[in-house]
Each structure stands twice: as C-alpha cells, then as structure tokens.
1. Given the conditions (1) surrounded by fewer than 17 Cβ atoms within 10 Å (Cβ to Cβ); (2) modelled with pLDDT under 75; (3) part of a helix (DSSP H, G or I), which single one is not true for residue 250?
2. Being more than 25 Å from residue 171 (Cα to Cα) and either part of a helix (DSSP H, G or I) or in contact (Cβ under 8 Å) with a residue 60 or more places away in the chain (or both): is that true of residue 97 here?
3. Got a sec? Which of 170, 153 is in contact (Cβ under 8 Å) with a residue 60 or more places away in the chain and farther than 19 Å from residue 259 by Cα?
4. Looking at the stretch 63-79 only, could you name the residues that are assigned to a helix (DSSP H, G or I) and surrounded by 15 or more Cβ atoms within 10 Å (Cβ to Cβ)?
5. Select the helices (runs of 4 or more DSSP H) contained entirely in the stretch 293-404, then report the ones holding at least 3 residues which are closer than 28 Å to residue 271 by Cβ, out of contact with any strand residue (DSSP E or B) (no Cβ under 8 Å at 6 or more places or on another chain) and at pLDDT below 90.
6. Might you check whether a residue that is at pLDDT 80 or above and either loosely packed, with under 15 Cβ neighbours inside 10 Å or more than 25 Å from residue 254 (Cβ to Cβ) (or both) occurs anywhere in the stretch 191-201?
7. For the subset of the stretch 253-264 comprising residues that are crowded, with 21+ Cβ neighbours inside 10 Å and under 14 Å from residue 194 (Cα atoms), which member is modelled with the lowest pLDDT?
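The values are calculated or read from the model by the stated rules, or taken from the named source; none is laboratory data. Computed from a prediction, not measured in an experiment: that's the story for all the values here. Virtual Cβ from ideal backbone geometry, glycine too; neighbours counted across all protein chains shown.
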C-alpha cells in the first residue's frame, strides 16, 4: 500500500471530524470573536484603546470555554485556538522587542520568513494532533528515492531543517561577524561578506544533514550529481555560473554588501550579494538594480570603496576675463572650505581649465566622505560659489550673439529703383 492510499482516508477522516456539530459550534464562536475584533480594529481610531482589543478577545474566548465546560459541551478546541491567538500576539510583542536591536529590513524578513511561518506550521501540526496521531502519520511511506524508502515524517523534518537553516541563520551569522569585526578590526564590507559566507556554510551543512537523515545513498547521489553536471552544460549553466561567481566575489572582496559601484553613469550601493545576482541601490531615484553575478567578471566596474570611501569630485564654473585668475582660484578654494560636507584634507584645489570664447573656465576639485552623496554635495558647493562670486563682484559671463543689419550695394545687373 502506497502513501496516497493511506493519507487520503486520513484526510477524509479530518473532514468528518470538522463537520461534527460540537466542532462547528466551537469554530463558529472563535470566528465570531475574531471577526468582531477585526471590524473594531478597522473602525476604531489608532489609540491605546485599540491595543486592548486583543486581550479582550482572549478574555471572551476564555469565558466561552468556561461556559461550554459548565454546560457539558466540548470546549477544548476553543481553548486551543485561544492559546494560538495568544501566541500570535506574543509574536507581535517579540517583534517590538527585536526592533530595538535589529534593523527594520532584516527584522521584517526575519518576521515574515521565519517566525510567523514556523509558528503557523507548529500550530497546524498541533491542531492535526488533536484529531489524529502525528506519530502514525510520520511513518506513512512516500516511496523510494535513490534506493531509499522515505516516510512523511522524515521528509517533513528534512524540509523544516533546511528551511530553518536558510531563514534562521541570518541574525546569528550577523552576530558572529560583528564579534569577529570587533576583535579583528576589519571593514564593514568584510563583516557583511563573512555573515553571508556563514549563512551559506550553515545551509550547506543543513542540506547534508537532511540528506543523511532521510538516508540517501551516497553512491547514488554521486551518480545523480554526475548526470546533473551534464545538464549544467546545457540548461542551467547560467545559474551555476552566477552561483560560482557570487562565491568568488565574496572571497575576492571586490563586490561586497556596502560597496559603492559606478553602474550606467550612477553610483550604486551594493545592498546584497545573492546566489544568482547582486542587488544594487541607486540613490537618484531610489531604485534597486538586480545585476547577475557573472556580469562583474565580464565587464569593467568602477568602485569608489575599493580601498577607502573617499571620492574626489569637482564643479566647473566660468569667470570673466577681467578678473585675476589667482584671485578667482583662491576664492574657489576658500568657498569650498566653508561647505560642511567637503573634507578639509585633502584640501580643495582650484585649477584653470581653459580659455573659452566668453569666459575662463575653472574647476574646483574637492574630496567627500560618502560617494553616494556626490550630487547633493556638488549642489551645495555650486550654490556657495554663486554666492561668493556675487559678494566679490565676479561676473559669470555667458555666450552672447549680436545681430547687425547690413545694407549691401545693389547688383550690377539689377534694375534701378523707381524715382
């Protein structure tokens, strides 16, 4: 008898249990309380009174359990769902506590991909255990794979282990990387790379443990890997190439989370380096660029954070010919020194670029600490230069064209004008 022939009658039995009048009554009462709470939350103003709705719902469910017990009716399902709702509220309190030590983006991923899904799975298994036996379901055979018989319990444990290692090792890996940074004094980019490599290592160990837990034959697995290597050369070679490129970039350190790269004329910050692609953030329009990992091996990439985060920038301005170039250059350097986000060392430098048609072109070169703030700092410097030129009566000329009307002599063969 295969697994489906065993599972289908079991699932049909669950439906019969849920259709009992006592069970339907308990489910209806819980659904009524939860629906009333949702409606009150939707229409009530967001104040402290709204925070009391969940404890009020739990108290009502507890009272309903007592009334059912006093009336001699089954009440266990109401109590179970009440405890499940209380646990869900506990997750909200845990979210607020973790918000003090974990950044919002990481906390949102941890909450939506690990805490709440795992909690729902645990509650679902506990609910199934109320009207069935999890131990009996765990030994249901699902078939054979690579010469090994696999049961439902083995598969569930293996999948949950790999999922927990993939989604739950983020905060521990970041904590270990933070401690390593405190003792070894390496950069923030190296810290993020170390955390990512620790996560890859944990997922790999979890996958190996899951295969060993299922009892997969190692010889058969090697044979499948050999056949898969042939498929890599045809169908999924790009995916495999991006995966290997991502690992190489982590070890090399040229593209790490936190680095600033120059992509398509804009500075972009590397947000994450995944198995297939890197996610870059562009400040100009708050866009995220998804760039395949192997792109960094086939195309030249300019980085502003290879050895440090300093960037030299410049603004170009024109001044009239009647002004002394030495005085203009000194004024430009002094003006840049007054801008708060311009670094004092290396000192700003003004240079004469060229003699134009209507003005002498000057460049003011300066250094900034954040490459992503180049555009805004240049704007501040140019506004300061405009005000300094205005205060010192230095003209910024612009090209002008003057049109003159010229009376040409008549052509020799043209008729004489009438008298």
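1. (1)
2. No.
3. 170
4. Hits for the stretch 63-79 are 64, 65, 68, 77, 78, 79.
5. The qualifying helices (runs of 4 or more DSSP H) are 295-298.
6. Yes, the stretch 191-201 contains at least one residue that is at pLDDT 80 or above and either loosely packed, with under 15 Cβ neighbours inside 10 Å or more than 25 Å from residue 254 (Cβ to Cβ) (or both).
7. My answer is 256.
For (1) touching a helix residue (DSSP H, G or I) at 6+ places or on another chain (Cβ under 6 Å); (2) assigned by TED's automatic domain parsing to the domain that holds residue 60; (3) surrounded by 14 or more Cβ atoms within 10 Å (Cβ to Cβ), each residue gets a yes or a no:
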residue	(1), (2), (3)
81	yes, yes, yes
84	yes, yes, yes
96	no, yes, no
100	no, yes, no
116	no, yes, yes
120	no, yes, no
149	no, no, no
157	no, no, yes
162	yes, no, yes
